[in-house]
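Here's the structure we're looking at; comments come further down.
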Amino acid sequence: MIKPIEIARKLGISTSALRHYESWGIIPPVNRAANGYRLYTEVHVAYFECIRAMNDGFGMDIVRKIMPLIQENKLTEALWLVNEAQARLHQEKHKSEQALLALELDDLENFSARHKKDWYSIQEVAEEVNVPASTLRHWEKEGLIEPERDIDNGYRKYSRADIRRLLIIRTIRSAVYSLEVVRGVVNEIDHNNLGQAKKIAKDSLIYMDYLIKKQLRGGYYLHKLFSVVEKLPS
């Protein structure tokens, strides 16, 4: 039997973290000694190692979904959940690459070649940017865009600069996880710091490169855990 403190030291975590994992049901049930101390086995160690490695690359939400499946010997189901998470990361990478393209403003140049007006209605902009008008209003509420208002009727009117901003917001928003990141990119653009805006988008790609490596490591420990589980008596 293995003491909790030994496992905690090996993984660089606290013993309370081990108890959390137990309370969440993501490791097999733990026997107790007469004095009440937990009696962990090598099987538990394999679970703990896999949990820590998978958390780095996939996050605890995925871990909490797949570990109970592994305990039920539903290994293939667990693998498909992992595969789905990897596919999502690939999609996010593609979106981040699109965000960088948007920062090159090719869309705006194409727009300018087709249209010569100085001001555009919300319906015209929604069609061009390819988002609902309600989304434009939401971005306005979030402080990402602030179109002028027609002094006669109060309608929103968008300038070419607004459209440039919206084209970038549209693509960046689809590529990142939070409005705060979008706001950071847009703020840099506001300060004519397109280079820093591009750096933020590139950093998201760098982080995804980091995640894919962590996912590979998580997969290694998942394979090790599978090997342990498959040897257990039915």
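The values are calculated or read from the model by the stated rules, or taken from the named source; none is laboratory data. Quick caveat, the model's predicted, so the values are computed rather than measured. Virtual Cβ from ideal backbone geometry, glycine too; neighbours counted across all protein chains shown. When the accessible area is computed, the model is the full protein with side chains, heavy atoms only, and any ligands, DNA or RNA have been set aside. Shrake-Rupley method; radii C 1.70, N 1.55, O 1.52, S 1.80 Å.
Need one value: the accessible area of Leu81 in square angstrom, 1.4 angstrom probe, rounded to the nearest 10.
It works out to around 50 Å².
Once you treat every alpha carbon in region 114-160 as an equal point and sum by Debye, what is log10 I(q)/I(0) at q = 0.18, 0.20, 0.22 Å⁻¹?
Rounded to two decimals, the profile gives -0.53, -0.65, -0.79.
Report the gain in length on full extension from Tyr210 to Lys65: 0.36 nm times residue separation, minus Cα-Cα distance, nm rounded to one decimal.
49.9 nm
What's the carbon and sulfur percent of the chain's accessible surface, probe 1.4 angstrom, rounded to a whole number?
Numbers: 7020 of 13790 Å².
After summing per-atom areas, the C and S share lands at 51 percent.
Leaving out ligands, DNA and RNA but keeping every protein chain, what accessible area does Arg149 have, in Å² rounded to the nearest 10, with a 1.4 Å probe?
110 Å²
Would you list which lysines come within 20 Å of Lys141, measuring only between C-alpha atoms, while excluding same-chain residues fewer than 8 positions from it?
The qualifying lysines are Lys157.
How much accessible area does His20 have with a 1.4 Å probe, in Å² rounded to the nearest 10?
Estimated to the nearest 10 Å², His20 gives 100 Å².
Can you give the translational diffusion coefficient of the chain in µm²/s, computed by Stokes-Einstein from the Kirkwood radius over Cα pairs at 25 °C and 0.890 mPa s?
For these conditions, the coefficient is 115 µm²/s.
For Asp56, Asp152, Asp118, give me the order by solvent-accessible area with a 1.4 Å probe, most accessible first, ignoring ligands, DNA and RNA. Walk me through the numbers before you get to the answer.
Numbers: Asp56 65, Asp152 140, Asp118 105 Å².
Descending order: Asp152, Asp118, Asp56.
What nm distance separates the two modelled labels at Lys10 and Ser121, each placed 7 Å from Cα along Cα→Cβ?
The answer from the label model is 6.9 nm.
Which of the aspartates and glutamates could be linked to Lys231 by a straight reach, that is with a Cα gap under 14 Å, when you skip same-chain ones fewer than 8 residues away?
Glu42, Glu72
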